[in-house]
Amino acid sequence: MSIRDATVSLQGENFFIKNIMREKNHTGKATTIGDLAQMVAKGFEEAAKAGDVRELKEDMNKRFYEVNQRLGRIEKDILEDYGNRIEILESQIRSLQSKT
C-alpha cells in the first residue's frame, strides 16, 4: 500500500480513506469512516451478545446443578422420613394385631 493510498482526506463531514474509496459497498457508495465505525461497533455488540449468552449458559448450568443437588437432598430426607414413619406404623400394626 502506498502512502497515497493510506492518506486521509476530508470531504464535507465524512472522512474517506482513499484505498477504501476504490472499493464500493453493496449500495455502490464509498465506505466512510463513519460506516466503518458502525460496522466495528456492531461487531463488538454481537461479540458481547455471544459472550453474554455464554456467561448466561454457564450461570444457568451452575444453578441447575445446585437445584439438582438440593432436590436430591430433599428426596433423600423425604424417603428417610417416610421410611421411618412406615417402620413405626408397621410396629404399631403388629402391636395391635398381637393384642387382638
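For the stretch 41-100, the convex hull drawn through the C-alpha positions has a volume of 45 cubic angstrom per residue.
Our coupling estimate for the stretch 90-96, obtained by passing each phi through the Karplus curve with A = 6.51, B = -1.76, C = 1.60 and θ = phi - 60°, is 4, 5, 5, 5, 4, 5, 5 Hz, Gly and Pro reported as x.
Laboratory data are not the source of any read-out in this text; all were calculated from the coordinates shown. None of these values were measured; they are calculated from a predicted model.
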